[in-house]
Amino acid sequence: MPSMNEVLIIGGGIAGPVTAMALARAGIDSTVYEAYDRTADGVGAYLTFAVNGLDALAVLGLDELAARHAFATPSAVFRNGAGRWLGELPLGPARADGRVGMTIRRADLYRELRDEAIRRGVRVEYGKRLVHVERTETGVLAHFEDGSRAHGDALVGADGLRSRVRTVIDPLAPAGRYTGLLNTAGYADGVQVDAKAGVANMYFGKRCFFCYFRNPNGQLWWFANPPRPAEPAPGELAALSPEAFRAELLDLFSVDDTPATEIIEATEEIVSPWGTYDYPLTPVWRRDRMVIIGDAAHATSPAAGQGASMACEDAVELARCLRDAPDPEDAFAAFERLRRDRVERIVAMGKRNGDQKAVGPVARVVRDLVLPVVFRRMARAGAGSTAWVYDYAIDWDAPIHERVSKRPIQ
Ligand SMILES: Cc1cc2nc3c(=O)[nH]c(=O)nc-3n(C[C@H](O)[C@H](O)[C@H](O)COP(=O)(O)OP(=O)(O)OC[C@H]3O[C@@H](n4cnc5c(N)ncnc54)[C@H](O)[C@@H]3O)c2cc1C
């Protein structure tokens, strides 16, 4: 039987609401505290959600809901800046029912998950920015910026890349690693391209990486990764005017023979650029009755295409641990043992993928020679070479301690 009544979940992005729903399935109550007002979601960028993330959501019957505003994204085609074909790979193996990865606006996914959590009886409180946590005799007391407080048996930090809970747990937690790339995205109408719906068309441009997908509704969804070796200063990117940034992108792609410039010109509003970061090692995930999950514990470069999926896996696994362990500390230790190796390996993979995107002229020639060989080898190996990423089955009914008890305790 669960040994706690109320878990405080900080962050109402992806990991937060999914954790709350998984805990509900385990018979544990929780409340989600989200810093922003619920109207703050906006349109923004989109993300690609992999089959392993969908499998984790399926444990909670959420896979169909997540797919509601998404389109299927079965594979990626890679070309260089001259438009030369480098290879094609599936973005994870199709499941027996034909399900493949999908692409969805982040705001749509967030809204669906939060609304479903509320439908399932989870309390979600908006405008609650966590500033501090205190240990009490019976649990934890969370302090919010608006002066309010909440008491619970345990606290889960699902508060993303710039997690406050991470530094509450470990004031010496290392800062994120800047990847040297910016990210930006947009939605273009009225451009005719000869591309299969859903396929990621990836271009290693001479100066900048570009990718677009054709949504089955005809719209083109794209992103680009302008290299910016020096980490942007606070406020620097926000101060860029949309016109100046559009001109910068068009200039970057002017040397390529790809559809990038046409697609960017047809985009009404380009999402403001942001710097990309990862966390190759967050040494401390848990202390007393607090733990971090999702991006707060192991943010990966977007080049892994796994951040959202790992957040969902974490959420379901954490709920299993809290369901089965005698107390929160044991549960969090079991959770870390189950998850740390896998997520750190994926963060490393994301770094390797991202490093291919911004290389000098000599390395570019080598990359264009090497990548076709790599892609051919991966295609020949079939699903085997990437199985460790995509085939992560969560057996909800399996008691947690049976699986982890033989591993060393940290
Ligand atoms: C533009 C963009 C594109 C991406 N593309 C992909 C992709 O293609 N594929 C993929 O898998 N991943 C992608 N990612 C990463 C993915 O979005 C994250 O890995 C995922 O959202 C992590 O979920 P999370 O719940 O851990 O964190 P988040 O989704 O970031 O949620 C954290 C939540 O915590 C809230 N919060 C923060 N601080 C506090 C506080 N002090 N108190 C209360 N609440 C707080 C935030 O407002 C937010 O709602 C992308 C990310 C970005 C930004």
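Throughout, read-outs are computed from the coordinates displayed, never taken from laboratory work. Keep in mind it's a predicted model, so treat the numbers as computed, not measured. Cβ sites come from the backbone with ideal geometry, for glycine too, and all protein chains shown count toward neighbours.
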statement: Proxy exposure order for T300, T73 (fewest C-beta within 10 Å first) is T73, T300
Cα centroid of the range 263-283 to Cα centroid of the range 20-86, whole Å: 17 Å
- line: Volume per residue (Å³) of the convex hull spanned by the alpha carbons of the range 168-287 is 145 Å³
- prompt: What per residue convex hull volume, in Å³, do the alpha-carbon atoms of the chain yield?
  reply: 146 Å³
- prompt: How do W274, W85 line up, fewest other C-beta atoms within 10 Å first?
  reply: W85, W274
- prompt: Taking only pairs that are 8 or more places apart or on different chains, how many Lys pairs in the chain have Cα atoms under 30 angstrom apart?
  reply: 5
message: Show log10 I(q)/I(0) for the range 181-230 at q = 0.13, 0.20, 0.26, 0.31 Å⁻¹, two decimals, from a solvent-free Debye sum over equal Cα scatterers.
response: -0.32, -0.67, -0.97, -1.18
message: Relative contact order for the chain: what percent, with Cα pairs under 8 Å and sequence separation of 6 or more?
response: 22 percent
field: Extension reserve of the L141-A393 stretch, reckoned as 0.36 nm per residue once the Cα distance is removed
entry: 87.3 nm
- request: DSSP loop (so not H, G, I, E, B), at most 14 other Cβ within 10 Å: list which GluC sites (Glu not before Pro) in the range 78-138 pass both filters.
  value: E137
message: What's the whole-number percent of alpha carbon pairs in the range 273-343 lying beyond 21 angstrom?
response: 25 percent
